[in-house]
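Working notes for the structure below.
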Amino acid sequence: LAMYDPKSGGIWIPMERFGAYQYAPVFQNTITPEEEKADRLKTARIFNLIEPFVLIILILATVWGSGLKADCCWMWVSFGFLAIWVTVISPYIHYMDGEGEFFLPPEHRTLGYWYFQARGLGNPGDYYSMVNGKLNFMNYWNEIKQLLMLLDFLFFIVLIKYEDWVSHVAGELFGHSGYPLQFALGIIIITVADVILLFLVLPLFLRLDNFPYGVTKQFPYLTFMALLLIMITGTLFQLNWSWLDKALGKNQPWSLVDPMPIKRAQNLTFISFLTEWCWYALWGFMQQVLFLGCFCTNLARGLDVEKSQFRWTLCRILTAMLFASLHFPNFWLSLATGVFGFRT
């Protein structure tokens with residue numbers, strides 16, 4: 001019978017030698033633990049590097065193949081599967097492959113940390129844990145309150161923008177409508193939104209360790225830079241609009257089909273600007289969760305960005321390119337999202 005030798009890691013079988021049976025090795029493990037770990041790390045990096053590009057191909061195939069038509073059933077099935085893959089299946093596969101050993105310090109090698117903080121998300125367990133005698137999120141209440149006040153202001157602007165809808169809902173609920181009822185309904189809607197944000201959304205998406213810095217430093221800086229770049233690019237387009245419009249033509253991916261910047265600025269109102277800001281902020285937030293939490297994280301691990309600044313810059317470029325590719329074939333939108341994707 002064959003016998004396993006734990007010392008050599010080999011398999012031995014009996015063979016007749018000099019008239020007696022002795023065990024001789026037929027397989028012997030010559031790979032050291034260090035070499036095995038290096039091979040596993042290499043495989044993990046390749047997996048992390050390839051996965052974002054495969055996902056982008058599948059997303060683009062779904063977008064272009066379906067035309068984003070609401071009655072296309074297979075489009076919803078495809079997007080649903082991709083969403084589940086990105087948020088649930090893929091992180092679990094990476095974790096079960098032992099990647100936590102390579103990419104996390106020992107104290108953070110848990111499934112909960114891997115699913116949340118390791119991808120730039122919040123952790124409900126950390127959010128609701130008891131710290132300093134109170135729920136942990138209460139230790140950051142000043143910053144959370146600032147965020148909720150900003151969102152409440154934007155929600156209130158949206159309700160003003162869609163006053164007809166609020167009036168219709170008030171009429172359906174109370175039998176008649178008026179500004180006092182509309183205001184009361186708006187307060188109820190905003191209060192419900194705050195409760196959902198505070199107890200369901202923020203625990204999943206809020207990183208408490210860097211949140212104070214993001215609110216006080218990063219958010220004002222990014223807002224200022226975004227407005228500055230919008231004004232600069234709008235001015236450049238306005239100054240060169242005539243020849244750009246003639247040179248690029250109409251109905252092309254690179255054409256200028258919208259009104260010129262000066263006309264759009266003249267028709268812009270404070271309410272419409274803040275309404276668009278609200279929708280873009282929420283939609284952009286979901287995109288950042290996808291691209292920074294999944295794609296950028298995977299690329300950073302695949303490229304081993306800690307080795308050099310060049311690798312980290314390459315990671316940012318690739319993430320920006322993937323982000324921009326989702327907006328093809330609109331050339332200008334792809335250019336803008338690529339630039340902003342690299343910056344953020």
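The values are calculated or read from the model by the stated rules, or taken from the named source; none is laboratory data. From a predicted model like this one, the values you see are computed outputs, not experimental measurements. Here the Cβ is made from the backbone with ideal geometry for all residues, glycine too, and neighbour counts use every protein chain on show. Heads up: the accessible areas ignore ligands, DNA and RNA and are worked out on the full protein's heavy atoms, side chains in. Shrake-Rupley method; radii C 1.70, N 1.55, O 1.52, S 1.80 Å.
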query: Is there any pair linking a residue in segment 199-224 that is within 20 Å of residue 283 (Cα to Cα) to one that is open to solvent by 60 Å² or more (accessible area, probe 1.4 Å) and modelled with pLDDT of 80 or more, with Cβ under 8 Å and at least six apart or on different chains, and which?
result: 203/128; 215/146
query: Can you pull out the residues in segment 187-225 that are modelled with pLDDT of 85 or more, surrounded by 14 or more Cβ atoms within 10 Å (Cβ to Cβ), farther than 15 Å from residue 146 by Cβ and not β-branched (Val, Ile, Thr)?
result: 193, 203
- prompt: Does at least one position in segment 42-49 carry a residue that is without any contact (Cβ under 8 Å) to a residue 60 or more places away in the chain, under 20 Å from the mean Cα position of the chain (by Cα), exposed (fewer than 13 other Cβ atoms within 10 Å of the Cβ) and part of a helix (DSSP H, G or I)?
  reply: no
- prompt: Can you tell me which residues in segment 206-252 are within 17 Å of residue 332 (Cα to Cα) and of a type in the set (Phe, Trp, Tyr)?
  reply: 237, 241, 243
Boolean, residue 152 is open to solvent by 60 Å² or more (accessible area, probe 1.4 Å), of a type in the set (Asp, Glu) and either touching a Lys or Arg at 6+ places or on another chain (Cβ under 8 Å) or over 30 Å from residue 46 (Cβ atoms) (or both): no
task: Look at segment 94-119 and say how many of its residues are out of contact with any Phe, Trp or Tyr (no Cβ under 8 Å at 6 or more places or on another chain) and assigned to a loop (DSSP other than H, G, I, E, B).
output: 5
message: Quick check on segment 136-146: of everything there that is in contact with a helix residue (DSSP H, G or I) (Cβ under 8 Å, 6 or more places away or on another chain) and either modelled with pLDDT under 85 or open to solvent by 50 Å² or more (accessible area, probe 1.4 Å) (or both), which residue is nearest to residue 213 (Cα to Cα)?
response: 140
- prompt: Exactly one of (1) farther than 16 Å from residue 150 by Cα; (2) open to solvent by 60 Å² or more (accessible area, probe 1.4 Å); (3) over 30 Å from the mean Cα position of the chain (by Cα) is unmet by residue 249. Its number?
  reply: (2)
query: When only residues in segment 50-72 that are open to solvent by less than 90 Å² (accessible area, probe 1.4 Å) and not in a helix (DSSP H, G or I) count, which is modelled with the highest pLDDT?
result: 72
- line: Exactly one of 228, 268 is hydrophobic (A, V, I, L, M, F, W, C) and at pLDDT below 80, and that residue is 268
- request: Determine if segment 120-143 includes at least one residue that is assigned to a helix (DSSP H, G or I), hydrophobic (A, V, I, L, M, F, W, C) and within 17 Å of residue 285 (Cα to Cα).
  value: no
